[in-house]
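Trainee: Below are the structure tokens for one structure; questions will follow.
The values are calculated or read from the model by the stated rules, or taken from the named source; none is laboratory data. Keep in mind that this is a model prediction, so the values were computed, not measured. Backbone-built Cβ (ideal geometry, glycine too); neighbour counts: all protein chains shown. Keep in mind that these areas ignore ligands, DNA and RNA; they rest on the heavy atoms of the full protein, side chains included. Shrake-Rupley method; radii C 1.70, N 1.55, O 1.52, S 1.80 Å.
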Amino acid sequence: MKKLLLAALLALLCVSLAGCARPGTDPASTQDQRLILVGFSQVGAESDWRKANTLSMQTALSAENGFRLILDDAQQKQEKQITAIRNFINQGVDYIVLAPTTEQGWETVLSEAKAAGIPVIIVDRMIEVADNSLFTCWIGSDFRKEGDEAVKWMEREKAPLRIVHLQGNIGSSAQIGRTEGLDAGLAVHPEWQLVFRASGDFTQAKGQELVEALLNEGTAFDLIYSENDNMAYGAIDALKKAGLQPGEDMKIVSFDASSTALHMILNGEISYDVECNPLHGPRVRAIIEQLEQGETPPKFTYVEETAFDREMLTEALIDSRGY
Ligand code: GZL
């Protein structure tokens, strides 16, 4: 009899536990419902930086840390991000994380997220909206400061420079800020000349294509200002294919400071690389945990970043950086 009573009590306990779902979630599966459901709209997988950023988010927002992450890869298209956000709203996620392709065009869909009562966290690049209440907070980089850092190094060259400028996706904060930095440098250095400027979409293939075309046209230049490492890799491939030695025949300044690029600094191919730190996962996890506790994280958080030349680098330092 006692065993029967105990079994009945245990069964009753299991049923009541299964009922303790996160408010507003469908008690589909007991395990899932106690997890914080996060919809993450990611730009794409266009670069080492982006892949490191995605891995950082997946590692931090894991089930063992109390999250269920729904990742959407927008293949660098804003319209795909807008669709993904609407899907997240329909799925009733607890939070939306957006790594925006560009700065403009977010009012409508973020108003829908706000109307659904879903907090939106913006990571990496910035968005331009008239109403800042459309997102809860932003964490990312100061891209203008990154551009100024690169220009400071270029000034140390103390030489006339014919500059090839490989831009990232036009309209992204990373492109806007890094381009502003270079333009500010060009404005005060009449001995610098911009001989070419175009977008390589932050991809290695496009970076190589642009520089190959320049070399085929016989364009002469002393420095490539590449707004990310993957376009710099493409530029290096193009230079080597033409029998030129990057770092000798012309210098390359890049952004992101991913491990492959830092090794290219050690071998002399890249001269200077401004860090853009992609490891936002732990930062976003901390923000969500603060919000879960009813705390208010800062509206804007800039990530501390540095820059690297050959003198600063060792294999050990590169290995210690995590991406
Ligand atoms: C910068 C990030 C940029 C990287 C590129 O924060 O948005 O996008 O610099 C990436 O590598 O494609």
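Trainee: How many residues, within segment 236-253, are open to solvent by 10 Å² or more (accessible area, probe 1.4 Å) and in a strand (DSSP E or B)?
Mentor: Number of matching residues: 2.
Residue-by-condition table, conditions (1) outside the structural domain of GLY171 (by TED's automatic domain parsing); (2) out of contact with any Cys (no Cβ under 7 Å at 6 or more places or on another chain); (3) not aliphatic (A, V, I, L, M):
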residue: ILE70; (1), (2), (3): yes, yes, no
residue: ASN90; (1), (2), (3): yes, yes, yes
residue: ALA99; (1), (2), (3): yes, yes, no
residue: GLY105; (1), (2), (3): yes, yes, yes
residue: LEU110; (1), (2), (3): yes, yes, no
residue: ILE121; (1), (2), (3): yes, no, no
residue: GLU128; (1), (2), (3): yes, yes, yes
residue: GLU149; (1), (2), (3): no, yes, yes
residue: TRP153; (1), (2), (3): no, yes, yes
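Trainee: Could I ask something else about it? Please indicate, with yes or no, whether at least one residue in segment 260-268 is surrounded by 15 or more Cβ atoms within 10 Å (Cβ to Cβ), within 30 Å of VAL93 (Cβ to Cβ) and at pLDDT 95 or above.
Mentor: No - not one qualifying residue is present in segment 260-268.
Trainee: Please pick out the residue among TYR302, TYR233 that is among the aromatic types (Phe, Trp, Tyr), modelled with pLDDT of 95 or more, surrounded by 12 or more Cβ atoms within 10 Å (Cβ to Cβ) and over 15 Å from the mean Cα position of the chain (by Cα).
Mentor: Going through TYR302, TYR233 in turn, just one is among the aromatic types (Phe, Trp, Tyr), modelled with pLDDT of 95 or more, surrounded by 12 or more Cβ atoms within 10 Å (Cβ to Cβ) and over 15 Å from the mean Cα position of the chain (by Cα): TYR233.
Trainee: Just checking, does segment 195-209 include any residue being more than 20 Å from ASP256 (Cα to Cα) and touching a residue at least 60 places away in the same chain (Cβ under 8 Å)?
Mentor: no
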